Every structure is written in structure tokens, then in C-alpha cells.
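In what follows, a single structure is set out as C-alpha cells and then discussed.
Just so it is clear, none of the values below were taken in a lab; they were calculated from the coordinates. Fair warning: this is a prediction, and the values are worked out from it, not measured in the lab. Quick reminder, even Gly has a Cβ in these numbers, built from the backbone with ideal geometry, and neighbours come from all protein chains shown.
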Amino acid sequence: MTEYAVVWHPDTDNLGDDLLTLAASSLLPRVDRVLNADHLDAPLNDLEPDDRVVALMCGDVMRHPVHWPPERHIAPAMTGVHFNHEDIWGVPFEELGETGRKYLSACGSIGCRDRRTESLLESMGLPHQLTACLTLTLKRPDVPAAQPYMVLCDVPEDAERTLRGHARGLEVRAVSHIMTEASHDYEARMKNAYERLKLYAGAKCVITRRLHCAMACLAVGTPVLLVYHADYEDVERFAPMDGMLRTESLEQFVARVQSGRFTPDWQNPAGVAKWQAGLKQAAQEAVARAETLPLPILHPDEAAAWRSARMTRMAASAARKIHRLEQARYEQLHEKFTLVLREDTAKSALTTLLSEEEVRRALKKTALRRCLSMEKWYQRLPLYLKIRMGKVQTEDLYQLAMGVLDPLGWPEHR
């Protein structure tokens with residue numbers, strides 16, 4: 001018996017992960033079961049030894065490598081997947097070992113979401129092809145297009161306020177891909193993702209900082225602009241998808257809006273349909289390979305040994321990372337302690353200095369000159385006489401200095 005499955009992340013708070021699952025579900029003949037992407041090694045005890053589960057995998061499927069490789073009945077169809085150069089424990093992806101390479105090689109040509117994943121697999125000699133993100137295959141809901149509203153998805157508040165003042169008569173709807181109270185009900189989550197897709201499909205335009213939002217908008221034909229912080233964000237990490245849509249730094253975008261040069265009337269770049277067709281074909285081919293893939297890919301003992309070795313490397317990497325963090329913390333504490341010692345030295349010197357009578361007299365003279373300099377030349381003599389008679393008080397620079405120093409705790413004897 002062959003079943004078909006999608007993978008999803010029930011513990012995620014990112015709506016983009018659900019949009020990926022929604023896209024995958026429409027590329028399978030049917031969806032017989034849903035697999036937890038973070039626990040793909042969980043036993044499927046309801047299956048017979050010869051049963052298989054063809055699972056269309058996309059996105060960051062190795063987010064938790066301790067639960068990799070997948071359960072023996074699972075035949076992976078990898079399309080639009082993303083691999084990081086190292087996992088959350090700091091273990092480089094290249095350290096998969098021969099068993100890890102054997103598993104991925106058996107899957108056939110792996111569809112890579114981005115060029116960085118493509119380069120990673122190429123450097124390891126693993127079969128691959130560049131497909132882009134599976135959200136590009138989302139089907140357009142049956143809603144009217146270009147309704148009089150624009151959507152801002154996770155756009156910073158200052159940029160949102162600026163845009164609301166220059167919206168050119170469009171209603172501004174601000175949304176987020178961060179789900180504050182994410183349900184663990186699969187059907188409810190897919191319904192929520194579909195409702196968001198309908199919102200994007202009906203908009204006049206969408207401005208976002210989220211890749212999956214941008215790709216979904218391209219899929220349904222809504223003009224979309226991907227904005228980013230130029231000082232620390234790099235949209236090239238999304239290549240080739242950064243070339244499929246309009247991109248602009250937040251600084252440039254806000255300046256354009258403020259100058260009145262923003263207009264919601266634009267078209268997405270051409271060429272998206274070609275990527276969509278390629279993605280669908282790659283998914284179909286991956287599913288067809290998975291339907292005949294010899295199972296299990298790895299003997300259970302071999303998989304267990306690989307997982308044990310991987311966890312050992314992860315523990316060693318985590319220990320090194322903890323040591324580096326402790327060393328960095330020690331260096332920060334040492335730097336702060338040095339600053340405190342320098343402050344105490346300066347504190348002692350200043351306290352002694354301010355107690356000297358000649359310093360007090362100098363501060364009084366300085367206050368007098370400052371007070372007189374603020375008046376016109378012909379008013380300075382009368383003011384000087386009033387000060388000498390005590391009718392006008394100059395600023396007490398000594399008390400001012402002590403008032404600044406006192407909250408810092410010095411001099412201590414005061």
C-alpha cells in the first residue's frame with residue numbers, strides 16, 4: 001500500500017511554514033496523512049512492513065537533525081528544500097558522513113529552494129537541481145483581484161505610519177506572519193493559511209519583509225514589493241527568488257514614500273510562470289521516484305548508528321559553543337571591571353579636586369563670566385554690580401557638578 005503525506009511544523013509560529021504545507025498538499029495525488037517535520041523519525045506502527053509513505057518535503061526539513069533520517073516507511077520527495085551550512089548546534093552540514101550522503105543520494109535529484117543550498121549540495125557531490133520555493137505553486141483563490149486595499153506584512157511600524165499617510169486612497173491592512181496563538185490542529189491551520197492567501201490574492205498590492213509572503217503573492221499574481229534592512233539583511237540569500245520580484249531597502253522605500261514618489265501601480269517581473277511550471281514538474285518527478293524507491297533507504301541499525309554519531313558530534317559542537325560564549329562573557333566582565341576601576345580612579349581624583357578652595361573660586365569666576373557673556377555689553381556692568389551686592393545669583397557650577405556626580409555614588413562620604 002502506498003500513502004501520500006505532507007510534512008508540517010505544528011510547533012512553528014511562522015505562517016510561512018503553513019503556506020509551504022498548503023502548497024505541497026496540492027501537488028500530491030491525495031493527502032493520506034500529515035507528518036510532523038520536526039519528528040520525522042517517529043514510528044509509524046500502523047503500517048505493514050511493505051507499506052510506503054510518499055512524503056513531499058520542502059523548506060527546512062532538517063531543522064532538527066536529531067530526528068533524521070525519517071522513519072523507514074517514508075519515501076522522501078524533496079522539492080524546494082533548504083539546508084543550512086550548519087545546524088542549531090553548530091555542526092556543519094558537510095559533516096553528514098557517508099551514511100547521511102547515502103540517504104540523500106538515494107532520494108535522487110534534490111530540488112533546492114535557493115542557490116546557497118544548491119552550492120552546498122554541489123560541493124558535496126550530491127544530485128540536485130535548482131527549483132526555488134514551493135510557495136510559487138500556490139493556486140489562486142477565487143476572489144476579485146486588485147481590490148482597493150494594500151497589505152503590509154511585517155513592515156516596521158515607522159514605515160507603516162509613513163505609508164498610511166501616503167496610501168493614495170487605499171485601505172491599509174497590516175498583518176504578520178508570526179502567529180501569536182498558533183493552533184495545533186492541522187485543518188484549522190491550513191484554513192487560516194488559505195484565508196491569508198485570499199487576502200493577498202485580492203489586494204491591490206502587498207509590501208512585505210517575508211519571503212513566503214512575497215512568493216505567495218507572485219503565485220497568485222498580486223504585485224508585491226520585498227523590503228529589507230540594508231544594514232544587516234541580504235536578499236541575495238534568497239537567490240534566484242530575489243530576481244523574481246521587486247526589492248528595495250526600507251530606507252529607500254520610506255524616502256520614496258515621503259517624497260510622494262510611491263505609487264501602488266506596478267507589475268511583477270516576467271518569468272515567474274516558467275519557474276512555476278518547473279517546480280510542478282520537479283515535484284511530479286520527485287513523487288514518481290519516491291513511489292518506486294527501494295525501502296528502507298537505510299537499515300534501521302544503520303540509521304540508529306548514524307543518529308548516535310550525529311548526536312555525539314552535536315554534543316561536542318555544543319560544548320565548544322558554550323565554551324566560546326563563556327569566554328566572551330568573561331571578556332565582557334573583565335572589560336566592565338576595568339572600566340569600573342578606571343571610574344573609581346577618576347572619581348577619587350575629581351572628588352579631591354572639587355574640594356580644593358581654588359577650584360571652587362575658579363568655578364565661581366567661570367559662572368560669573370558665563371552670566372555676563374549672555375548680556376549685551378552695556379548691560380554687563382549693572383549686572384556685575386547686582387551680583388556683587390547679592391541681588392542676582394550666578395549658576396553654582398560646584399553644586400551642579402556634585403549633582404551630576406552624586407547619582408553615580410560619589411563621593412561616597414557625602
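Under a 5 Å amide H cut-off, with hydrogens placed 1.01 Å from N, Ala174 pairs with Leu152 among residues at least 5 apart or on other chains.
Take the Cα of Ser308, go 7 Å toward its beta carbon, and the backbone nitrogen atoms of segment 71-102 under 19 Å from that spot belong to 71-72, 96-101.
Bridgeable lysines around Lys364 (alpha carbons under 27 Å apart, same-chain partners fewer than 8 residues away excluded): Lys347, Lys376, Lys386, Lys391.
Would you mind getting the Kirkwood hydrodynamic radius of segment 355-408 from its Cα pairs, rounded to one decimal in Å?
After inverting the pairwise mean of 1/r, the radius is 12.2 Å.
Taking the fewest neighbouring Cβ atoms within 10 Å as the starting point, the ordered list for Ile110, Ile322, Ile178 is Ile322, Ile178, Ile110. Straight-distance candidates among the lysines for linking to Lys139, with alpha-carbon spacing under 16 Å and chain neighbours fewer than 8 residues away dropped: Lys191, Lys198, Lys274, Lys280.
So how do Arg237, Arg116, Arg72 line up by other beta-carbon neighbours within 10 Å, fewest first? List each step's numbers first, then the result.
Working: Arg237 12, Arg116 17, Arg72 20.
Taking fewest neighbouring Cβ atoms as first place, the list is Arg237, Arg116, Arg72.
Please check: in the Gaussian network model of the chain (C-alpha springs, under 10 Å), which one of Gln399, Gln281, Gln258 has the largest mean-square fluctuation. Among Gln399, Gln281, Gln258, the largest mean-square fluctuation in the Gaussian network model of the chain belongs to Gln399.
Between Glu86 and Phe93, the built amide H atoms are under 5 Å apart, and every one of these is 5 or more places off in sequence or on another chain.
Taking 56 Å as R0, compute the FRET efficiency from the Cβ-Cβ separation of Gln399 and Ile178 and round it to 0.05. List each step's numbers first, then the result.
Numbers: r = 51 Å, r/R0 = 0.92.
Using R0 = 56 Å, I get an efficiency of 0.65.
Counting beta carbons within 10 Å around each of Val31, Val155 and listing the fewest first gives the order Val31, Val155.
Which residues make up the longest stretch of the chain that has no chymotrypsin sites (Phe, Trp or Tyr not before Pro) in a DSSP loop with at most 12 other Cβ atoms within 10 Å?
In the chain, the maximal stretch lacking such sites is 1-231.
If R0 is taken as 51 Å, the Cβ-Cβ distance between His39 and Ala167 corresponds to a FRET efficiency of 0.70.
Just so you know, the Rg over Rh for segment 137-269 is 0.96, from Cα atoms, with Rh as the Kirkwood radius. Once the Cα atoms are used to define both axes, helix 300-354 deviates from the longest principal axis of the chain by about 10 degrees. Considering helices alone, the calculated mean residue ellipticity of the chain at 222 nm is -14500 deg cm²/dmol, with DSSP H runs of length four and up weighted by -39500 (n - 2.57) and normalised per residue.
Using Cα atoms only, what is the angle between the long axis of helix 272-292 and the major principal axis of the chain, expressed in degrees (0 to 90) to the nearest 10? The two axes meet at around 50 degrees. For Ala288 and Tyr378, the difference between the fully extended length at 0.36 nm per residue and the C-alpha to C-alpha distance is 22.6 nm. Its relative contact order, with pairs defined as Cα atoms under 8 Å and 6+ residues apart, puts the chain at 16 percent.
Since only Leu226, Val257, Gly16 are under comparison, the one whose Cα sits farthest along the positive direction of the charge dipole of the chain, derived from C-beta charges on Lys, Arg, Asp and Glu, is Val257.
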